[in-house]
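The values are calculated or read from the model by the stated rules, or taken from the named source; none is laboratory data. All values reported here derive from a predicted model rather than from experimental measurement. Positions of Cβ are generated from backbone atoms using ideal geometry, with glycine treated the same way; all protein chains shown enter the neighbour counts.
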Amino acid sequence: MTRIGIDIVEVRRIKDMVEHYGQRFLNRLFTQGEINYALSASSNLRFERLAARFAAKEALIKAVGHSLPFHSIEVNHTSSGRPIVTCPIICGKIEASLSHTKKLAIACVLFEKPPVTS
């Protein structure tokens, strides 16, 4: 079964949460790898990266059809920049596309659940 999820996030919302709650907010929603990647960027790009990863997590939850712990979903990228989404809680292939501007971040996730065999 193939399911799709999409989500859009205002970058300012993520920036406000980081500025208000700091590391506590980051640790609750993101893995250390995601935090390191985002904070390695300069200026506003770090919040765009965080917002895109948050959107991907929300999109995966929509595709799967039930809640998942945010920290169990990890969004990385290949050396060419292609997103890689992993979640050990669910079985199946996860494809994603991320995009962001200074104001908005969007993610689309395609989740292919393996067929049930009897």
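Quick look at the numbers
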item: Count of region 98-118 residues which are within 16 Å of Thr2 (Cα to Cα) and either at pLDDT 90 or above or in contact with an Asp or Glu (Cβ under 9 Å, 6 or more places away or on another chain) (or both); result: 5
item: Matching strands (runs of 3 or more DSSP E) fully within region 26-110 where at least 3 residues are surrounded by 18 or more Cβ atoms within 10 Å (Cβ to Cβ); result: 93-100
item: Filter pass, Ile90 being closer than 30 Å to Pro115 by Cα and modelled with pLDDT under 95; result: yes
item: Matching option when the condition is out of contact with any Gly (no Cβ under 9 Å at 6 or more places or on another chain), at pLDDT below 95 and acidic (Asp, Glu), among Glu48, Glu34, Glu95; result: Glu95
item: Leading residue by the ranking (surrounded by the most Cβ atoms within 10 Å (Cβ to Cβ)) among those in region 1-25 that are among the aliphatic types (A, V, I, L, M) and assigned to a helix (DSSP H, G or I); result: Ile14
item: Residue in region 24-42 that is without any contact (Cβ under 8 Å) to a residue 40 or more places away in the chain and among the basic types (Lys, Arg) present; result: yes
